[in-house]
Protein chains: 4
Amino acid sequence: MIQTILSQAVEAARPAAELGQTATYIPELGKMDKHHLGACVFTREGERCCAGDTDVRFSIQSISKVISLAAALELCGYDTVFERVGMEPSGEAFNAMGKLEAVGSTPSNPMINAGAIAVDSYLEPKISFEEMLSFTRKLCMDPQIVLDEKVYHSEMSHISRNRAIAYLLENTGVIRSDVERTLDFYVRMCSLSITAESLAGLGLVLAGDGVHPATGERLLSPDTVRVVKTIMLTCGMYDGSGTFAVQVGIPSKSGVGGGILSVVDGRMGIGIFGPALDGKGNSVAGIQVLRTLSRELHLHIFDPSEHR
Amino acid sequence: MIQTILSQAVEAARPAAELGQTATYIPELGKMDKHHLGACVFTREGERCCAGDTDVRFSIQSISKVISLAAALELCGYDTVFERVGMEPSGEAFNAMGKLEAVGSTPSNPMINAGAIAVDSYLEPKISFEEMLSFTRKLCMDPQIVLDEKVYHSEMSHISRNRAIAYLLENTGVIRSDVERTLDFYVRMCSLSITAESLAGLGLVLAGDGVHPATGERLLSPDTVRVVKTIMLTCGMYDGSGTFAVQVGIPSKSGVGGGILSVVDGRMGIGIFGPALDGKGNSVAGIQVLRTLSRELHLHIFDPSEHR
Amino acid sequence: MIQTILSQAVEAARPAAELGQTATYIPELGKMDKHHLGACVFTREGERCCAGDTDVRFSIQSISKVISLAAALELCGYDTVFERVGMEPSGEAFNAMGKLEAVGSTPSNPMINAGAIAVDSYLEPKISFEEMLSFTRKLCMDPQIVLDEKVYHSEMSHISRNRAIAYLLENTGVIRSDVERTLDFYVRMCSLSITAESLAGLGLVLAGDGVHPATGERLLSPDTVRVVKTIMLTCGMYDGSGTFAVQVGIPSKSGVGGGILSVVDGRMGIGIFGPALDGKGNSVAGIQVLRTLSRELHLHIFDPSEHR
Amino acid sequence: MIQTILSQAVEAARPAAELGQTATYIPELGKMDKHHLGACVFTREGERCCAGDTDVRFSIQSISKVISLAAALELCGYDTVFERVGMEPSGEAFNAMGKLEAVGSTPSNPMINAGAIAVDSYLEPKISFEEMLSFTRKLCMDPQIVLDEKVYHSEMSHISRNRAIAYLLENTGVIRSDVERTLDFYVRMCSLSITAESLAGLGLVLAGDGVHPATGERLLSPDTVRVVKTIMLTCGMYDGSGTFAVQVGIPSKSGVGGGILSVVDGRMGIGIFGPALDGKGNSVAGIQVLRTLSRELHLHIFDPSEHR
């Protein structure tokens, strides 16, 4: 039944890609075919449903912020991470910088660039990128994940804005380790090459509070997962997070590579790939797929069917 | 068991009131005794637990925004309400006005003053204040709720900021009905006199998706309740909403009268009264009570115990 | 020689009107013919040169801020006026409101709406509108100036934004007298009907430090005139004031009715009428006339020819 | 007579230093003795009056922005300089960064850090620092000016904020040459070691429209000097520029090293050194000296005595 609904949802959403555009701020991302659309659902019962372009590799981009946050909570601890990074939705566009200055010295949350760069500055001294890559493969249940060298180099040659953010964070004392090393780590994490299936795998681990469903191995602590899911819910869809919470109601994180990671708590992980973005930086067709799934499968956190 | 945990939580939180202050922007609110603290839990199974000052009447203030939003969704419809009011957390202080101008013409969400005044402007032509009072009594399962004339007059004589907001909304086309009538309606709704028990009653109706637990009467549609709960979760605790979502994880709405309305979806309604406020306008001791209850009773929306 | 240069400057600037638009935020102003262009120069030696549509009556709009400021300095004193209004250029658009909130409680300067409304609130209790009208006629050496009832009513029915500003100022304690009376006074002053000749007359009085050139009567104190001219120079052309100072270098004040009042200190008053406005709210063709006059007649405050 | 007034003004202003603090954002600047106070007046008639600590060397800091702007206007041309830098007062604090983002991509003016760094990015490819040093010595009529290595290194090790600004400018396309070279050039110019006499010398050249008074050599074109003086007047005293224009009315530029450069057009150059700063970053006692000189010597641009 999930497979049928999923396939129909993907087909119904395909035309929506026409309304969006691939990301343009990094040339390499602009080369994607905006008509790609794929969606996977992995349930805790072991069901695996896929529809559309679910094995096409694309750039993880901002979805890596979820992995970095989780790793930082594990390795550095909640208090260190949130000493100088907030947990409040910013209400700002995905590329905003001004607010950092306006409110003083603290990035609003770890899902915006400023917050993620700060989190990476705490994480980078404790773990190498290679270790993060291994950890990501495990979390996503996908050993094929690699660094996309072209995206990495494209992004490093368009790094001015993030470099500006990072030095501003150094100036305000939020970053206290090496800025250039932090930026390199941040860009590497953004340049991982994944599929919609990788995201469904990651979502499934988060839906199960951090335990690998196949091996039973605990990859993340329950507290880490609770924090991550809450922040995904309030801040995960850029400045469309509030509307998405009302209309879809599934903790999610999107990236300008076209991916969306969604976690139906206790039930399933969902991975989406649809590189045509709306004005807020979210996959147009992907959001439509998730709206359908939420409605048809009663996935909204406050769906009334749960209580009856 | 709930009663024991509740009583202990209230007693443990009492000293926290020293850290806060009663609201000062309306003289009448400043007269409250900041040492009051009370909390009620009404469960869907019919259990009613109370601890502390749960029958002291106080001013509902911003919590009325939840009732107005619910009523507007029922009477005017989702599309009308959200045509010119957003659903995004504003990341702004509870008395902020600047952002309205910054982002153009649309209030961020119905939980900030600008958004609530806009919602009231759609609602006021459709329903009289007396009818709203009756509706509120029903929702709160409290026939004693009345307009506090002193608070109403105190607030009307300190209305400059809200009047400025309202005329700005008229200027940007968000408000199209009579501004002064809207303001009067808004202030009357803010001046309702309630108890912690009233809030627990209201919370219980929302926890049950809009059905009165005793009579079985449907007071609100499931869709209305879903929207209201989601917006409470993302925007209900002023600019502390994100942190509260991570740490407590219960859809809630606070008011500067010291109240907090909390909804544990499918399970219970919680009402709090503690007029000592923190810098964000939320009850200091009230938040502490809710943190304890969330932890001890596993009430967080993403509490892992739910899945095992 | 001035007459020749003036006539040529006006003719050369006429086509520039095509680049602008008449003001649209008040319907009555939108009805003006945007092809009007007129300019007058009155020198301290008694020369009176006019070119173009210099006897067409139009709405003084923001240029009245200069008269209100001068009157307030005379009647209330420098300290009262600047206790809660600043003297800093705001760098904001002519209809901006956000910054008032951002910087706290003080309007940046008396040339923006917020500052002018504040100044009028100090002035209004001390002088009636009828007395202000008489005073304006004297300053402008034009007994024909009247209130344009149509503009006044048009503006009063589109007052939301200024009403919002005024109540915000009441909220922050900048305005302490009756808000509605202040607004009425403010709008009446904006609705005076003048000509380019009126402005040249006013400019001549200011160029002469406050003395009527014909009668020798002192209308304003030298200190008042010095303050007014300086604020015109730094804040008089909305958020184009800095560029205008560099390129033209003559203390000036524009209005969205199409007028520009200019004061060549110690030498002449200039009045312009050209209702086609640029994006900043300044007369497009008017600025071009002033650039030509400044260059040809060496009117820039820092023109080198003065020193040789 | 100037000497007497100057000496009295300096002595009267000495106690004001108690109200200020030396700059703290660079450790090396914080080491200055805040009780220093000196002032020089060099007139076009050849008079040279000095009072107080006029031969103490101190850091030029932001006053170098005037020299860089003048050099850029000469070497790159007005159009290049102002293609991507504005001429509007920003109304922002001297260390503000947020507004750059708010208004898009263009620094408000060349007197704020963002604008000066942009100007230096146009200048640096055309002239070496050593040539700028020679040019500065000529303009200031002071062959002793050197780079203060301690200040240079102190500033380079606290460069995060300016580096952030520079990369943001690269991101928005305002800077198109090498960012790190630009920053080094900018910091070197800020680290020049001067005296109050150097500033009086520079002011005298500007007062004479760019001609060296002793040699008659033209160092700057009249157009360059006109632009520079106007921007000093509207933007030279950080976010106190408007008030200073009203109260003192002399084109000036201050630096956090405690210096003030003032130009009385056609008459004299004034140099001030008083390292105790007010909250806006301007010399407290220095401003007081200038207020006295302006009043006693009738130096205000709109001083009425000029016309009689």
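Computed values, structure above
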| item | result |
| --- | --- |
| Stokes-Einstein D (µm²/s) once Rh is taken as the Kirkwood radius of the stretch A:155-212 over alpha-carbon pairs, at 4 °C in 1.567 mPa s | 95 µm²/s |
| Net charge of Cβ neighbours under 9 Å - reference residue C:171; Lys, Arg +1; Asp, Glu -1 | +1 |
| P(r) tail fraction, the stretch B:1-98 - alpha-carbon pairs more than 22 Å apart, % | 54 percent |
| Relative contact order for chain A, counting Cα pairs under 8 Å that sit 6 or more residues apart, in percent | 28 percent |
| Once the Cα gyration tensor of chain C is diagonalised, semi-axes √(5λ) in Å | 28, 21, 19 |
| Dimensions (Å) - the stretch A:206-271, Cα atoms, principal axes, largest first | 35, 23, 18 |
| Residues residue B:305 and residue B:7, FRET efficiency given R0 of 35 Å [Cβ-Cβ distance, rounded to 0.05] | 0.95 |
| Sparsely packed GluC sites (Glu not before Pro) within the stretch B:124-226, loop by DSSP, other Cβ within 10 Å at most 14 | B:217 |
| Magnitude of the charge dipole, the protein assembly as shown, Cβ model with Lys/Arg +1 and Asp/Glu -1, debye to 20 | 0 debye |
| FRET efficiency, residue B:296 to residue A:180 (Cβ-Cβ, R0 60 Å, nearest 0.05) | 0.85 |
| Förster radius 25 Å - calculated FRET efficiency between residue C:158 and residue C:21, Cβ distance, rounded to 0.05 | 0.90 |
| Bins of 10 Å, starting at 0 and running to the largest distance - Cα pair percent for the protein assembly as shown | 2, 9, 16, 18, 18, 17, 11, 6, 2, 0, 0 |
| Relative contact order of the stretch D:231-291, defined on C-alpha pairs under 8 angstrom at six or more residues apart (%) | 27 percent |
| Rh by Kirkwood over Cα pairs, then Stokes-Einstein D for the stretch B:126-245 at 1.306 mPa s and 10 °C, µm²/s | 98 µm²/s |
| Sum of side-chain charges, residue C:129 neighbourhood, beta-carbon under 9 Å (Lys, Arg +1; Asp, Glu -1) | -3 |
| Mean projection area, nm², convex hull over Cα of the stretch D:194-308 | 7.0 nm² |
| Per-residue [θ]222 nm for chain C (sum of -39500 (n - 2.57) over DSSP H runs n ≥ 4, rounded to 500) | -13000 deg cm²/dmol |
| Selected from D:77, D:252, D:133, residue furthest toward positive end of dipole (chain D; charges at beta carbon) | D:252 |
| Orientation-averaged projected area, Cα convex hull of the stretch B:63-190 (nm²) | 7.4 nm² |
| Rounded Å value of the spacing that divides the Cα centres of the stretch B:139-153 and the stretch C:221-247 | 55 Å |
| Dipole in debye (nearest 20) - chain B, about Cα centre, beta carbon charges: Lys, Arg +1; Asp, Glu -1 | 280 debye |
| Relative contact order %, the stretch D:62-190, counting alpha carbon pairs below 8 Å whose residues are six or more apart | 30 percent |
| Links that overshoot a 30 Å alpha carbon limit, given the list A:253/B:126; B:34/B:229; A:280/D:280 | A:253/B:126; A:280/D:280 |
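Every number in this text was worked out from the coordinates using simple rules, so none of it is lab data. Note that this is a predicted model, so its numbers are computed, not measured. All Cβ positions, even for glycine, are placed from backbone atoms using ideal geometry, and neighbour counts span all protein chains on display.
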